[in-house]
């Protein structure tokens with residue numbers, strides 16, 4: 001704040017938007033915390049969850065939205081359409097909701113081949129259909145050639161939350177185990193390699209997938225889920241730092257336990273990225289009481305999207321600011337910090 | 001179809017998207033009918049209404065989405081933020097729903113002044129607050145400089161539909177009166193004049209407004225609403241042609257009854273536009289049984305947004321394709337047809 005001219009009321013570090021304001025890191029948090037949330041402030045928004053949870057006539061619903069601006073539109077393991085459906089299904093699932101209905105709003109650049117649009121819509125329908133949800137309404141806008149990067153898609157979604165379900169950052173407790181269902185960093189690396197035209201011998205594919213079925217399995221098997229968060233923009237590190245801050249606990253992770261495939265790690269080394277900050281689109285962090293760790297892992301490992309599930313850390317003591325400590329193999333603890341958000345734009 | 005190569009499966013007139021595919025006219029209908037709806041086909045989507053109506057645990061909800069790409073971002077009578085809130089509130093209201101919750105998803109171009117963003121968010125919050133709805137969740141993406149035209153906004157919304165309410169194109173009946181609440185064509189002309197830098201002595205302002213309060217007044221006063229449609233992209237003519245086609249009735253309008261302000265008509269003449277095809281953002285067409293015409297007009301005229309309300313036509317006999325006839329002052333009937341959609345892009 002001290003950097004600002006007295007006549008500038010904006011509590012932002014920059015007086016213009018920069019790419020990092022959408023990168024999932026520190027600058028995005030700053031934009032949201034200082035500009036967006038103060039304007040819209042209300043108790044539902046202030047839940048700071050992947051979905052808003054609202055109650056209508058006694059029924060609890062999750063309600064969420066995401067716009068997708070990934071570049072390129074097609075990448076190994078998916079396309080913008082599959083991403084737009086799975087991403088929004090996952091946001092609903094992270095509130096413990098069973099997804100019901102989606103919207104589809106298209107902003108199309110003049111000149112987009114109609115065949116590409118058709119392929120993307122079919123990809124959306126396939127992902128929706130596999131999840132048992134309906135795309136019930138939509139909107140179509142066109143923008144001039146040179147704008148819009150071919151296609152941007154917004155999907156909003158509604159899901160139903162069961163009576164006993166309370167999946168929320170505020171339910172995190174000391175002693176909870178932190179579990180991930182999959183290896184890390186495949187989505188961001190797959191998109192980045194495709195964008196840069198770097199073809200490896202064995203192509204790295206995005207992990208883009210609908211996680212709502214996996215979450216329903218956990219709930220149906222009586223797993224007491226304290227919190228869930230999908231590890232999208234900003235990756236595992238940013239998601240956990242946000243949750244530690246919201247819940248005001250210290251989380252401890254074992255670095256040697258973190259699952260990153262060798263080819264993904266090699267690509268990260270070449271591109272100069274830390275896999276902990278790279279976006280995933282089929283991976284969540286799950287918080288359960290320590291006593292339920294084995295039961296949760298057993299349920300997860302029976303599902304195709306959870307076969308590699310493992311516990312990567314735990315919630316330690318309460319801590320006024322909240323923080324995430326990474327225990328390195330040589331026994332030294334390192335505090336993880338938010339990146340500015342510039343490292344991987346336009347991956348979702 | 002005959003124009004297509006045998007190996008081209010696309011039932012579209014163009015193999016690439018053109019601006020008119022988002023213009024609210026014939027080409028947009030073609031895109032939706034031949035590409036989008038066949039892929040997503042399901043009974044809720046096939047309602048072809050401004051919102052999807054879904055039932056969850058016995059409660060009927062309206063669910064809708066719209067992306068806003070208006071250029072310029074600020075125009076007389078509003079801005080993209082006010083438009084994004086009012087437009088989605090109106091889509092919910094057109095299903096007879098009382099709006100409850102909105103989302104706000106931002107696609108921001110690198111370089112947008114933060115002060116402009118703040119002003120737009122405050123405008124959204126003011127419109128939401130006046131309507132008594134909460135903006136409960138959102139998303140922020142950034143795109144590279146040169147893309148995105150400053151800002152695109154998507155809003156999705158949920159509204160609650162009362163038990164006795166059935167506002168739907170399929171409820172239109174022979175003999176119904178067709179009523180509009182306001183004079184026509186102000187929004188599109190205000191945006192176009194601003195974009196072209198044509199300042200008239202008395203500025204024409206957009207009619208951008210939230211109509212949900214007006215609709216609730218009608219319902220609370222026992223008016224039996226058969227159908228409602230806001231007269232956005234494509235204007236009065238396109239909306240009525242769509243409804244005539246959906247309900248399979250012939251509608252008759254009296255040309256001399258159509259309310260267009262003198263300054264708006266003059267601007268249309270200069271710009272070469274027909275006011276019947278110009279977008280409104282605070283104007284609807286209301287269908288009520290003939291016997292309720294006067295009662296409906298009385299309720300509407302008591303409300304600030306309905307003081308100019310008047311009956312402009314009526315539903316005549318059933319008609320296999322549906323059509324709209326404009327009776328000219330010299331007693332000749334003209335069948336209205338959809339425009340291609342090229343005349344006024346980027347006005348919402």
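Throughout, read-outs are computed from the coordinates displayed, never taken from laboratory work. From a predicted model like this one, the values you see are computed outputs, not experimental measurements. Cβ sites come from the backbone with ideal geometry, for glycine too, and all protein chains shown count toward neighbours.
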Problem set entry | Using a 7 Å Cα-to-Cβ projection, residue A:255 label spacings across copies, nm, ascending | 8.0
Problem set entry | Cβ crowding within 10 Å averaged over residues, with B:243-249, B:254-260 ranked highest first | B:243-249, B:254-260
For this session: For residue B:202, place a label point 7 Å out from Cα along the Cα→Cβ vector, do the same in each other copy, and report the separations in nm, one decimal, smallest first.
Result: 7.5
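Can you give me the convex hull volume of the Cα atoms of the range A:51-96, divided per residue and expressed in Å³? All intermediate terms of the calculation are to be shown ahead of the outcome.
On the way: hull volume 3.1 nm³, N = 46.
So the per-residue Cα hull volume is 68 Å³.
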For this session: Can you tell me the alpha carbon radius of gyration of the range A:239-348 divided by the globular rule-of-thumb value 2.2 N^0.38 Å?
Result: 1.14
For this session: At q = 0.13, 0.18 Å⁻¹, work out log10 I(q)/I(0) for the range B:160-244 with the Debye formula, treating every Cα as an identical point scatterer and leaving solvent out; two decimals please.
Result: -0.56, -0.90
Seminar exercise, completed: Each residue of B:122-133 has, on average, a number of other protein chain C-beta atoms within 10 Å of its C-beta equal to 1
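With an 8 Å Cα cut-off and a minimum separation of 6 or more residues, compute the relative contact order for chain B in percent.
About 24 percent, as a whole number.
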Exercise. At q = 0.21, 0.28, 0.31 Å⁻¹, what base-10 log of I(q)/I(0) does the Debye formula yield for the range A:212-268 when every alpha carbon is treated as an equal point scatterer in vacuo?
Worked result: -1.05, -1.13, -1.17
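Within a 10 angstrom radius of each residue's Cβ in A:22-32, how many Cβ atoms of other chains show up on average? Whole number is fine.
Details: counts 9, 3, 1, 0, 0, 1, 3, 0, 0, 6, 2.
For this peptide, the per-residue mean of nearby foreign Cβ atoms is 2.
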Exercise. Going by a ≥ b ≥ c, the root eigenvalues of the Cα gyration tensor, does the protein assembly as shown fall in the rounded group (a/c under 1.5), the prolate group (a/b larger than b/c) or the oblate group?
Worked result: prolate
For this session: Beta carbons within 10 angstrom, averaged per residue: use that to sort the peptides A:42-55, A:126-139, A:301-314, highest first.
Result: A:126-139, A:42-55, A:301-314
Problem set entry | Nm distances between copies for residue A:175, ranked from closest, using label points 7 Å along Cα→Cβ | 7.2
For this session: In square nanometres and to one decimal, what's the mean projected area of the convex hull around the Cα atoms of the range B:19-161?
Result: 9.7 nm²
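Give me the inter-chain shielding for B:48-55: mean count of other chain Cβ atoms within 10 Å, whole number please. Present the calculation step by step, with values, prior to reporting the outcome.
On the way: counts 1, 1, 1, 3, 9, 2, 6, 0.
Mean number of neighbouring Cβ atoms from other chains: 3.
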Exercise. When you take every Cα atom in the range A:295-348, what is the radius of gyration, and what is Dmax, the widest Cα pair distance, in Å?
Worked result: 16.0, 39
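Grab the eigenvalues of the alpha-carbon gyration tensor for chain B, scale each by 5, take roots, and send me the semi-axes largest first in whole angstrom.
Here the semi-axes work out to 28, 25, 23 Å.
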Seminar exercise, completed: Taking a ≥ b ≥ c as the square roots of the eigenvalues of the Cα gyration tensor, with a/c under 1.5 meaning rounded and otherwise prolate when a/b exceeds b/c and oblate if not, the range B:169-335 is oblate
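What number, in percent, do you get for the relative contact order of the range B:19-161 if the mean sequence gap of Cα pairs under 8 Å and at least 6 apart is divided by its residue count? Each step should come with its number before you reach the end.
Details: 244 pairs, mean separation 45.4, N = 143.
Relative contact order of the range B:19-161: 32 percent.
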Exercise. Could you work out the helix-only [θ] at 222 nm for the protein assembly as shown, with each DSSP H run of four or more residues adding -39,500 (n - 2.57) and the total divided by the number of residues, to the nearest 500 deg cm²/dmol?
Worked result: -8000 deg cm²/dmol
